[in-house]
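The values are calculated or read from the model by the stated rules, or taken from the named source; none is laboratory data. Note that the coordinates shown come from a computational prediction; the quantities given were computed from them, not determined experimentally. Ligands, DNA and RNA are excluded from the accessible area calculation, which covers all protein heavy atoms including side chains. Shrake-Rupley method; radii C 1.70, N 1.55, O 1.52, S 1.80 Å.
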Amino acid sequence: MAQNAAHSPASPKMVAVVPALHPAGQGVSLYIPQSAINATVQEDILLSVEYSCHGIPTIEWKYTSTWGAQKIVEWKPGTQANISQSHKDRVCTFDNGSIQLFSVGVRDSGYYVITVTERLGSSQFGTIVLHVSEILYEDLHFVAVFLAFLAAVAAVLISLMWVCNKCAYKFQRKRRHKLKESTTEEIELQDVEC
């Protein structure tokens, strides 16, 4: 069940199922199905987790990157989430501990750490690495310009080859013509001498 800033109560089915998943006396268990996520700019990303523990835990997500560390959100399933100002209107929480980030940017790349703490104090944490890459239209532009440049160079080379071929043809024709004239003159001279 998805929850945003205005949470609705947790599903009774979820509350009943969670204690059944957790073995007695073993604290909190946490499962992260995908520990590394690759995304592109403007995508909506689900940081998916599942936990089991006794009672209703406190769930906290923090973000760490080269730009710093900050708390994203903290809540107890079935209550309103305390979303940080930097992530207002960008985060949706779920009762299973997962969060969804809307319209991610390159600055959202980093480590997302979830901590699930039960009422008696035992806790478990896990990390998801998010890498957000930009679609670089500049690179595509560079490739297009480079291909156009290569096409222009090829056209110039083909034109030069055509001109050289024509010049060589004319030169050979002229030489053949001169050779014919000199052969004709020699024949005439031989005829005159005889």
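General observations
- With protein chains left intact and a 1.4 Å probe, residues in the stretch 61-141 average 55 Å² of accessible area per residue.
- Partner lysines for Lys174 [C-alpha distance under 24 Å; skip if fewer than 8 residues away on the same chain]: Lys166
- Dividing the C-alpha radius of gyration of the stretch 92-136 by 2.2 N^0.38 Å, with N its residue count, gives 1.47.
- Using bins of 10 Å that start at zero, the share of Cα-Cα pairs per bin across the stretch 108-178 amounts to 15, 16, 13, 12, 11, 10, 8, 7, 5, 3, 1, 0, in whole %.
- In summary, the lysines within cross-link reach of Lys88, defined as a Cα separation below 30 angstrom excluding same-chain residues under 8 places away, comprise Lys13, Lys62, Lys71, Lys76.
- Full-extension gain in nm, Ala154 to Lys88, via 0.36 nm per residue minus C-alpha separation: 18.3 nm
- Hull volume in cubic angstrom per residue (convex hull over the Cα atoms of the stretch 52-185): 162 Å³
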